[in-house]
Every structure is written in C-alpha cells, then in structure tokens.
1. How about the stretch 178-226: which of its residues are surrounded by 20 or more Cβ atoms within 10 Å (Cβ to Cβ) and among the acidic types (Asp, Glu)?
2. Write out, first by first residue and then by second, each pair whose Cβ atoms fall under 6 Å of each other, whose residues are 6+ apart or on separate chains, and whose first residue, in the stretch 235-249, is over 13 Å from Met196 (Cα atoms) while the second is part of a strand (DSSP E or B).
3. Just for the stretch 67-82: of the residues that are under 22 Å from the mean Cα position of the chain (by Cα) and of a type in the set (Gly, Ala, Ser), which one is surrounded by the most Cβ atoms within 10 Å (Cβ to Cβ)?
4. Any idea how many residues of the stretch 89-109 are surrounded by 18 or more Cβ atoms within 10 Å (Cβ to Cβ) and part of a helix (DSSP H, G or I)?
5. In the stretch 74-105, what residues are touching a Phe, Trp or Tyr at 6+ places or on another chain (Cβ under 8 Å) and over 10 Å from Val140 (Cα atoms)?
6. Which numbered condition in (1) in contact (Cβ under 8 Å) with a residue 60 or more places away in the chain; (2) surrounded by 24 or more Cβ atoms within 10 Å (Cβ to Cβ) is the only one that Cys154 fails?
7. Can you confirm whether the stretch 51-68 contains a residue that is hydroxyl-bearing (Ser, Thr, Tyr) and at pLDDT 95 or above?
8. Output the residue which, of all residues in the stretch 17-38 that are of a type in the set (Gly, Ala, Ser) and over 15 Å from the mean Cα position of the chain (by Cα), is surrounded by the most Cβ atoms within 10 Å (Cβ to Cβ).
Amino acid sequence: MTSQVEDRDFTSLLSELTLDEKITLLSGRDFSTAAGVPRLNIPPIKVADSIAGVRPSGLTADMTTACFPNTACLGSTWDAALLSRLGEQLAHQARDKSAQVVLGPTINMHRDPRAGRNFECFSEDPLLSGQLAGAIVNGVQSRGVGSCPKHFVCNDSETLRHFYDVRASIDGRTLREVYMAAWQHLLRTANPTGIMTAYNKADGTFCSEHGPLIEGVLRKEWGFEGIVMSDWFAVHNVVEPIKAGLDLEMPFPVFRGKRLAAA
C-alpha cells in the first residue's frame, strides 16, 4: 500500500501531530474512509468490501464491479496459487475504485449450517481457511493494495448481531485449535495490513475490547504489527478498546473523538 507519507520519518511525524489530530486518526471519517490529517499531508484511507469482488463505496454508488465466485466456492478449489491470482484481480478492482484497503477475506469457520455468512467463509477446516486466506492477502498486497481479513474471532452468528448480546462461549482448546488456528495459519503465510474484530463477545468480552486476544495473542504471541480495527459500530465504550489495543473505530467516532478527548 502506497501513500503520500510512505517515505517520511514517522517518529518525527508523530511529534508534529496535535492531541486532537492523534485522536482523529483513531476513528473513521465516514462509512468507507479512515480519517487523515490534511495539515500534515496524511491522506485519508478509503476501504472497500471485497468478498466476491470489490464493492463500490457509498449507498448510491453507480459503479459496477466484476463478480467472482463466493468464498465457500473458492475454498472448494484447494488452490492457493489460483486464489493468489484472484487477490491480484481484487487489487486491480480496488485501484479502479480508488480504494487503498480491501476488507477481506472472511475466515470465520463453517461451524453451523444456519450461519448467515457461511457463503463468504472458506471452510470448516482452519488449516485450509488460513492457507487460502493468506494466498488472497498476498495476491492483493503484491499489487500495492492493503488487505484486512475479518472477523477476529468466533463471529459465527449474524442474526440480530447489532441488537442482541451475541456471545461465543468456547473452551480454550476449541478456541485455539479451531477458531483461532485459521488466523494463526494466515499470519504464518501473510502479513495483512489490518485485521478486523468481530461484533460478538468471546467468553463475555466484546472482541473489540478483548485485550487477551488482541494484545495478548494477536500482537505479543503471534507478532502481528498491523492495524486492528473494529467492525462497523462494534465499539461499545471509550476506554476498554483503547486498553485492549484496538487502533481504529469504524465507521466514525461514536466513542472516540470528543468522548476520548474528555476521558
């Protein structure tokens, strides 16, 4: 992923930011854009969904896109080389739509046939899911576009996920060997720009503020150095996501912005 600040001294740049500008960078600007800082020529970052092709941004967008087979079909190919080429095509689509980061692939598990988004996940097998996701990420990023796999972790229910207290109660071994294993395999084969957290709770704590998973496993144990961002409107308070290591609230500052400045 390239930008106007690619070759700048980030330590020096950080010292030039005001407190309000730093807070601005911790949340999105709108439904398809992460905020920038015009004063320092830090550009906004446009993101776009990319499950079966890169979706045009905006609720009334009139652009078209090429549609690829859904992710469940891609999983049945068992062909990492083919999916890497598909990732390259997603990057070309993203560039055509002026997007710098694609939101995908989705690598939640096929654990329940009733799950509403099984079609956009690879498989019930974590090794296959992680390897194929890594291939797409590498293909996308080989063409200078960032990739943000989702949803970390245990996001296996879509029904009324915004309105009800959706909890994933999973024992530690199953969490490690099934749900998180796909992410571990992904990070062994690719280095995505970002990772998106899930809406649900994992053993009582929202994934967007789950320090043991974000800071403990994802960053310290697995060494992930990219951005950790929320799903849209999946942040629930000001302080806990910050403490847990969530870098970016999307799509705009509901709990950051003025609330964070006052905290």
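The values are calculated or read from the model by the stated rules, or taken from the named source; none is laboratory data. Small disclaimer: the values here were computed from a predicted structure and weren't measured. Heads up, the Cβs are rebuilt from the backbone with ideal geometry, glycines too, and the neighbour counts pull from every protein chain shown.
1. Correct list: Glu209 only.
2. Hits for this filter: His236/Phe206.
3. If we take residues in the stretch 67-82 being under 22 Å from the mean Cα position of the chain (by Cα) and of a type in the set (Gly, Ala, Ser), then Gly75 is surrounded by the most Cβ atoms within 10 Å (Cβ to Cβ).
4. Residues that pass the stated criteria total 4.
5. Listed by number, the residues that qualify are Leu74, Gly75, Pro105.
6. (1)
7. Checked against the condition, which is being hydroxyl-bearing (Ser, Thr, Tyr) and at pLDDT 95 or above, the stretch 51-68 yields no hits at all.
8. Ala35
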